[in-house]
Amino acid sequence: MRSYGIIQAFSRTNRLYDNQKRFGQIVIFQMPAHFKRAVDDAMRLYSSGGGNYVQAPSWEVAEARFKKAIRNLRQAAPTPEAIDTMSKAEKLRFLKAYREFDDAYSDVQVYSPYQVKELPKDYLIDAPTIEAYSGKFNNVKEEFRKDRDDDDPDVNLVIDYDLRCYHMDQIDEDYILRLMEATRSDESAFIFEASGKNQKIIKEINEEILRFRKTNPARAKILDDMWHEYQDKPRNFVNQNFVDALHERIDSRIKGLIDEFASEWCIDPEALEFFMETYDVAKAPSEKQDNQDALKKATHPKEYRKDHPHIGLKYWPKLLDSLREFYVQHLQKLLER
């Protein structure tokens, strides 16, 4: 490619879409060393000979920044729960640390080496913990917004910041569903076409689902099962779009989990379902949830004690602890939209 062609290709790839897409990624498969020299020459030419042209950092630099952001976040707030008892100055420190973490986390995910990484193993942090920090960030930000001091630039900087990773799961899921729709001519197709132009799309779908598993394994599992079902039995999806099909399967999974929990704890399933729809994991365990009183009326502790006589008078506090664990471990990622 000539210099102007290289610059044009980079410009189109890196074109900003919204504040979630700040740069793109170009992969060189043939003669990378030769291409690098051509890129450097083009950059020098179109930056008037200067060497300070802007490029995305290397993977090593981006990962190091991400690891440092995690350490700073843990120093500012060892756990999400610790934020509730912080002073105003400590909360401001947390807001700054999480802003930097969110920025670094969003950036690192666009690199190919990240796709084989595992958050708990490689970075000693997991998705539910990040989600809990995110909830605290939004809550604390609202506290500062209500008592805003327009003369404090530090406060203004963090409360005007919109989380970049907040909608990432939704973007991944919607993109995969659009790719799936692209594999068929229309919704009335009875046959799955696995040849020709669909080969490239099929490969991309499999790769995107694998990537989606890193941020939302619960929904990715259902999406992956649906994708394989469609390939094996396309007739099951005739006259049905994939968005509706996925939502039906997720709703069915959520209902099954809630019914199972309700049966175990002797709760009216409809009341439990309504309670879980409004559950706020960002609240401290000691804080009262919305619709908590209504849920208590729908419980049957006497029935529960028949099979669990040891529970005594601890049924309600034990239930609240179990509900929180149930939501975080089983429902949180399924409910995210």
Response to the item:
Between the modelled labels at Q115 and L313 (7 Å from Cα along Cα→Cβ) the distance in nm is 5.9 nm
Practice prompt. Report the GluC sites (Glu not before Pro) located in the range 253-287 that are in a DSSP loop and have at most 13 other Cβ atoms inside 10 Å of their Cβ, or state none.
Written response: E287
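Thinking of the range 57-153 as a set of Cα atoms, what percent of all their pairs are more than 15 Å apart?
62 percent
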Item to complete: Go ahead and run the numbers for FRET between E207 and D321, Cβ-Cβ distance against an R0 of 41 Å, rounding to 0.05.
Response: 0.55
Discussion item. I'd like the FRET efficiency for I125 and A89, computed as 1/(1 + (r/R0)^6) with the beta carbon distance as r and R0 of 22 Å, rounded to 0.05.
Written reply: 0.35
Fill in: Virtual spin-label span in nm between K288 and A182, 7 Å along Cα→Cβ
5.2 nm
Worksheet item: Contour minus end-to-end for D147 and E60, with contour as 0.36 nm per residue of separation and end-to-end as the Cα-Cα distance?
Response: 27.3 nm
Response to the item:
Phi angles of the range 233-250, converted by Karplus (6.51 cos²θ - 1.76 cosθ + 1.60, θ = phi - 60°) into ³J(HN,Hα) in whole Hz with x for Gly and Pro, give 9, x, 4, 5, 10, 5, 6, 9, 7, 5, 4, 5, 4, 5, 4, 4, 5, 5
Worksheet, complete the sentence: Heavy-atom accessible area of the range 187-231 with neighbours in place, 1.4 angstrom probe: carbon+sulfur share in percent works out to 57 percent
Worksheet item: Dipole magnitude of the range 78-143 about its Cα centre, charges +1 at Lys/Arg Cβ and -1 at Asp/Glu Cβ only, in debye to the nearest 20?
Response: 200 debye
Worksheet item: Put a dot 7 Å past each Cα toward the Cβ at E260 and E81; how far apart are the dots in nm?
Response: 2.5 nm
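Sorting check: for 110-117, 212-219, which peptide has the highest mean count of neighbouring beta carbons within 10 Å, and how do the rest follow?
212-219, 110-117
The values are calculated or read from the model by the stated rules, or taken from the named source; none is laboratory data. Quick caveat: nothing in here was measured; it's all calculated off a predicted structure. Cβ atoms come from the backbone with ideal geometry, glycine included; neighbour counts cover every protein chain shown. Just the protein is used for accessible areas: all its heavy atoms, side chains included, with ligands, DNA and RNA removed. Shrake-Rupley method; radii C 1.70, N 1.55, O 1.52, S 1.80 Å.
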